[in-house]
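Notes for the one structure printed next.
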Amino acid sequence: MKKIVAILLLLLTTFSLVFAQGQMESQTLIKERTFIDDLGREVTLPSIITKTAPSGSMASAFLVSFDPSIFVGVTTKPTETEKEFFGSDFASLPVLGTFYGKKANLNKEALIVASPEVVVDIGEIKGSKDAMINDLDKLQNDIGIPVIFIESYLENISTTYTRLGEALGNTKRGNELSKFASDALLYAKEINEKSKDSRKNFYYATGSDGLNAIPRGNFHAEVIEAIGGNNVVDSTISSGNNQINLEELYKLPVDHIFLLDESAYNIVINNTEWSYLPAVKNNNVYKVPYVLFPLIDGPPAVNRIIGIYYTASKLYPEFATEDYISKAKEFYSLFYNHELTADEIKELSR
């Protein structure tokens with residue numbers, strides 16, 4: 001009898017060890033997974049991401065709309081508006097800098113100390129695909145932290161969110177934001193189709209003097225062109241730094257003007273030299289609303305989703321079937337968990 005009991009105990013112990021090992025292996029398998037980013041790079045990630053860092057302003061704009069609580073650092077010091085939207089904890093995060101751009105200043109040491117589970121880069125391919133693969137592989141090796149890239153343009157912005165959901169291990173949130181973005185893109189196509197026989201001309205400028213023109217085909221003006229707007233500035237007119245002069249503008253059918261900067265807006269509507277343009281004569285000059293981010297650009301990211309409804313309401317009100325302010329309320333609630341204030345609605349209604 002004692003022998004039988006001993007055998008049973010031995011079998012039970014062996015079974016427990018095998019079961020425990022299986023559980024550990026299962027947990028290990030669940031803990032890590034391979035994510036193939038939009039450069040084709042295979043990157044090992046935790047199953048669910050709880051700590052992340054953006055590589056720049058584009059990635060930051062998308063990530064903060066996805067979930068600000070997963071940030072371990074920010075690219076630049078948060079604005080007062082960002083503090084209001086995302087709270088004091090977000091505002092006190094360390095500044096890590098940016099990896100790409102003219103003002104690239106990524107602090108690798110600070111990034112390592114912040115210890116994100118993944119660094120996310122979102123946007124267009126910088127330079128060639130091979131060059132960018134080398135850049136991100138080198139950064140990943142330097143910091144010992146996974147780095148991924150998700151390609152994003154206006155036309156695939158809904159896919160950006162599904163991919164982000166896959167990368168962060170939260171497909172439910174990704175699909176939820178993707179649906180709103182997809183509906184906005186369909187709306188843009190609808191307005192574009194309706195306006196094909198009555199295209200309206202526009203001029204869009206950044207900068208403080210109103211003469212930093214965004215030429216046709218440039219992704220900074222994608223939103224207005226997506227709904228069927230005709231950009232009057234050809235890339236051959238605007239110089240390398242996008243500067244144009246009023247004499248050149250006088251020759252163009254400038255029927256509508258969108259301006260990113262408040263100073264530029266004040267110049268255009270008050271300076272007599274601008275008053276000769278049809279857009280100024282007919283009060284078709286618009287200061288792009290700025291609630292958290294401008295609705296067209298700066299950065300050209302998630303803010304452009306609601307920018308579709310905004311530009312449609314200004315350029316093609318006769319075809320705009322959606323109430324822009326109602327969509328704005330829905331957008332800010334869904335993407336930022338933020339209910340618009342009366343002042344913010346006033347800004348969006350400019």
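Using amide H atoms built in the peptide plane, which far-off residues or other-chain residues are under 5 Å from THR52 H to H?
PHE71, VAL72, GLU117
Got the relative contact order for the chain handy, in percent, Cα pairs under 8 Å and 6 or more residues apart? Please list the in-between numbers first.
Working: 549 pairs, mean separation 46.7, N = 350.
Contact order relative to length: 13 percent.
For the range 54-112, what mean projected area does the convex hull of the alpha carbons give, in nm²? Don't jump to the answer; show the numbers that get you there.
Numbers: hull surface 15.2 nm².
Over all viewing directions, the range 54-112 projects a mean Cα-hull area of 3.8 nm².
Could you tell me the largest-minus-smallest coordinate of the C-alpha atoms of the chain on each of the three principal axes, in descending order and whole angstroms?
On the principal axes, the chain reaches 107, 41, 38 Å in Cα extent.
Describe numerically, in nm with one decimal, the distance between label points set 7 Å from Cα along Cα→Cβ at ARG199 and at SER88.
5.4
Only helical DSSP H runs with n ≥ 4 go in: add -39500 (n - 2.57) per run for the chain, normalise by residue count and round the 222 nm mean residue ellipticity to 500 deg cm²/dmol. Provide the component values of the computation, followed by the final result.
Values: 14 runs with 166 residues, N = 350.
After summing the helix terms and dividing by the residues of the chain, the value is -14500 deg cm²/dmol.
Nearest 0.05, what FRET efficiency do PHE219 and GLU248 give at R0 = 25 Å with Cβ-Cβ as r? Walk me through the intermediate numbers first.
On the way: r = 22 Å, r/R0 = 0.90.
Approximately 0.65, to the nearest 0.05.
When the Karplus curve 6.51 cos²θ - 1.76 cosθ + 1.60 is applied with θ = phi - 60°, which whole-Hz ³J(HN,Hα) does each residue of the range 260-268 get, with x for Gly and Pro?
7, 9, 5, 4, 4, 4, 5, 5, 5
Average projected area of the Cα convex hull of the range 121-198, in nm²? If you can, show how the numbers build up before the last one.
Details: hull surface 26.7 nm².
That works out to 6.7 nm², a quarter of the Cα hull's surface.
Could you state the principal axis extents of the C-alpha atoms in the range 123-279, from the largest down, to the nearest angstrom?
Sorted from largest, the Cα extents of the range 123-279 read 57, 38, 27 Å.
Please calculate the 1.4 Å probe accessible area of ASP343, with all protein chains present, and give it to the nearest 10 Å².
Looks like 120 Å² after rounding.
Please list, in chain and number order, the residues 5+ apart from TYR286 or on another chain whose amide H is under 5 Å from its amide H, with Hs placed from the backbone.
Here the answer is ILE257, PHE258, LEU259, since their amide H atoms fall under 5 Å of that of TYR286.
So what's the net charge close to TYR250: Lys and Arg +1, Asp and Glu -1, counting the other residues with Cβ under 15 Å from its Cβ? Write down the numbers at each step before the final one.
On the way: positive: LYS251, LYS281; negative: GLU247, GLU248, ASP255, GLU273.
Net charge around TYR250: -2.
At a Cα cut-off below 23 Å, give the lysines reachable from LYS189, other chains included and same-chain residues fewer than 8 away excluded.
By straight Cα distance, LYS189 reaches LYS179, LYS200, LYS314, LYS327, LYS329.
What distance in nm separates the simple spin-label points at LYS126 and ASN175, each placed 7 Å from Cα in the Cβ direction?
3.4
Kindly write out, for the range 169-186 in residue order, the coupling ³J(HN,Hα) from the Karplus curve 6.51 cos²θ - 1.76 cosθ + 1.60 (θ = phi - 60°), rounded to whole Hz, with x marking Gly and Pro.
For the range 169-186, the Karplus curve yields x, 9, 5, 4, 5, x, 5, 4, 6, 4, 5, 5, 5, 4, 4, 5, 5, 5 Hz.
Taking amide H positions as placed in the peptide plane 1.01 Å from N, state which residues far from HIS338 in sequence (5 or more) or on other chains have amide H under 5 Å from it.
Here the answer is SER333, since their amide H atoms fall under 5 Å of that of HIS338.
The values are calculated or read from the model by the stated rules, or taken from the named source; none is laboratory data. From a predicted model like this one, the values you see are computed outputs, not experimental measurements. No Cβ is skipped: glycine too gets one built from the backbone with ideal geometry, and neighbour counts run over all protein chains shown. SASA here: full protein model, heavy atoms, side chains in, ligands and nucleic acids out. Shrake-Rupley method; radii C 1.70, N 1.55, O 1.52, S 1.80 Å.
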